[in-house]
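In what follows, a single structure is set out as structure tokens and then discussed.
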Amino acid sequence: MISRIDLRGDALPEGGALRDLLPRAEFDVEAALEKVRPICEDVRHRGTAALIDYARRFDGVEIERVKVPTEALRDALAALDPAVRAALEESIRRARIVHREQRRSDVTTRVVPGGTVTERWVPVERVGLYVPGGRSVYPSSVVMNVVPAQEAGVESLAVASPPQVEFGGLPHPTILAACALLGVDEVYAAGGAQAIAMFAYGTDECAPANLVTGPGNIYVAAAKRLLKGRIGIDSEAGPTEIAILADETADPVHVAADLISQAEHDPMAAAVLVTDSVELAERTEKELEPQIAATKHVEDRIVPALAGRQSAIVLVDGLDAGLKVVDAYGAEHLEIQTADAAAVAARVRNAGAVFVGPYAPVSLGDYCAGSNHVLPTGGCACHSSGLSVQSFLRGIHVVDYSREALAEVAHHVVTLAEAEDLPAHGAALKARFGWTVPQSK
């Protein structure tokens, strides 16, 4: 079912050459751009009317308004299964513990006597948070988006999630209940590229936002790319992925279960095992069959995901080679199931999140570890981070110099300005000293 890639024997190539040997889903955002461009332009010009039309066309529902009534949020929370409520409350509690520690403090640096630079951390004024609602319902993504925004001090935030036929054109009630639990009262029944356009341009119901975050399908990613600049984005998240670096000490039951856990998200989900143990590879392959047979979403998600070009068992010569492979891959989720897993995990450079040892599966991070599950995909972990409090903050430098402190450095500023053929820059300093730049002492 799952293919093998044998990288043993020869020295591993470097950089892009190694990345090209590794499994990866096809995710052509560029091709999707031309499909989402007219949708975004339509929302820009027609606003709510366009969103209502796209709800009919894409979601098969008739809605009269996009904004979810406050009473629907209240009713969803009242009807929420007590066990689900307790689980969400615990997820929120743990996420707050972790994200509260991420809040940055303003720092003032004394450069010279009378001259300081302060870095102020200011939250984004308004954010739009996108929560998918296609094959599955993701109240956990409400938590992962809202908690860091709230801990950052964002004053205005709104959630968008696709309208659902079975719930009268509202987003899934568990999504609404999660919003209510978190004190979010601005929610919109809008999905896909049109929801991102709504946040970017605003409508008569929804004020435009400064930033949009949250995972979504290829059309959501394409809309983010198209509208980046008009609105800030977190990332262009693609299909979910798990990589597991394991040796002979790993339990194949755990490894197989964790590969399947991510494969059940989507037929394009990636599941990759990197190991130097042929025996573990063989035992994992055997273990996949009974576990798959005992679960849901087999034919429509799990089997296509595991059999697709994006999934594989990669054989390597030793853990050093395995680390080189997983760093080149840059997984959204990376599990380390090896001897001395903590020491191996400390050597990882590229991953959205790292899960250490047999008792820290990705599923824990998806819900209740306290970490964030909105993470870079498609190799973007080589240069990008997951969602955090910092995602909602902007650093602003505040420069405060006295006359004496400016006088001390003025000749250097004038010299550099003239070296760059920008004499007016230097003149701005000369004007402060009667057009004669004082020499430093």
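The values are calculated or read from the model by the stated rules, or taken from the named source; none is laboratory data. Computed from a predicted structure; not experimentally measured. As a convention, Cβ positions derive from the backbone with ideal geometry for all residues, glycine included, and neighbour counts pool all protein chains shown.
Numbers for the structure displayed
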| read-out | value |
| --- | --- |
| Number of the condition not met by D59 [criteria: (1) out of contact with any Phe, Trp or Tyr (no Cβ under 7 Å at 6 or more places or on another chain); (2) modelled with pLDDT of 95 or more] | (2) |
| Tally of residues being closer than 30 Å to P163 by Cβ and among the β-branched types (V, I, T) across the stretch 101-143 | 6 |
| Some residue of the stretch 159-174 being modelled with pLDDT of 95 or more and under 28 Å from G395 (Cβ atoms) | yes |
| Any hit, the stretch 402-418, residues being within 27 Å of V142 (Cβ to Cβ), of a type in the set (D, E) and crowded, with 16+ Cβ neighbours inside 10 Å | no |
| Residue under evaluation R347, criteria (1) in contact (Cβ under 8 Å) with a residue 24 or more places away in the chain; (2) under 18 Å from the mean Cα position of the chain (by Cα); (3) more than 27 Å from R93 (Cβ to Cβ), criterion not met | (2) |
| Selection from the stretch 323-341 of residues that are closer than 16 Å to E248 by Cα and part of a helix (DSSP H, G or I) | L323, A341 |
| Residue satisfying condition, being surrounded by fewer than 21 Cβ atoms within 10 Å (Cβ to Cβ), more than 26 Å from the chain's Cα centre (by Cα) and in contact (Cβ under 8 Å) with a residue 60 or more places away in the chain, within set D340, D317 | D317 |
| R349 in contact with a helix residue (DSSP H, G or I) (Cβ under 8 Å, 6 or more places away or on another chain), farther than 23 Å from V278 by Cα and not in a loop (DSSP other than H, G, I, E, B) | no |
| Residue count for the stretch 362-393, restricted to those that are in contact with a Ser or Thr (Cβ under 9 Å, 6 or more places away or on another chain) and over 17 Å from E90 (Cβ atoms) | 12 |
| Leading residue by the ranking (surrounded by the fewest Cβ atoms within 10 Å (Cβ to Cβ)) among those in the stretch 110-124 that are closer than 22 Å to V154 by Cα and touching a helix residue (DSSP H, G or I) at 6+ places or on another chain (Cβ under 9 Å) | W121 |
| The stretch 153-195: number of residues that are part of a helix (DSSP H, G or I), touching a residue at least 12 places away in the same chain (Cβ under 8 Å) and not hydrophobic (A, V, I, L, M, F, W, C) | 4 |
| Selection within the stretch 267-277 - surrounded by 24 or more Cβ atoms within 10 Å (Cβ to Cβ) and under 22 Å from A294 (Cα atoms) | A269, A270, A271, V272, L273 |
| Matching residues, the stretch 214-239, being in contact (Cβ under 8 Å) with a residue 60 or more places away in the chain and touching a strand residue (DSSP E or B) at 6+ places or on another chain (Cβ under 6 Å) | G214, G216, I231, G232, D234 |
| Single unsatisfied condition, L182 versus (1) modelled with pLDDT of 95 or more; (2) farther than 29 Å from V98 by Cα | (2) |
| Single condition T116 does not satisfy, out of (1) hydroxyl-bearing (S, T, Y); (2) within 29 Å of Y401 (Cα to Cα); (3) at pLDDT below 95 | (3) |
| Every residue from the stretch 363-411 that is over 13 Å from the mean Cα position of the chain (by Cα) and charged (D, E, K, R) | R394, D400, R403, E404, E408 |
| Candidates Y219, Y188, filtered to the one that is among the aromatic types (F, W, Y) and closer than 20 Å to G378 by Cβ | Y219 |
| Residue ID - nearest to E236 (Cα to Cα), chosen from residues in the stretch 125-150 that are more than 17 Å from the chain's Cα centre (by Cα) and either at pLDDT 95 or above or outside the structural domain of A209 (by TED's automatic domain parsing) (or both) | R126 |
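The rows are residues; the columns are (1) under 27 Å from I39 (Cα atoms); (2) touching a strand residue (DSSP E or B) at 6+ places or on another chain (Cβ under 7 Å).
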| site | (1), (2) |
| --- | --- |
| E90 | no, no |
| R96 | no, no |
| T109 | no, yes |
| V146 | yes, yes |
| S156 | yes, yes |
| T174 | no, no |
| A193 | yes, no |
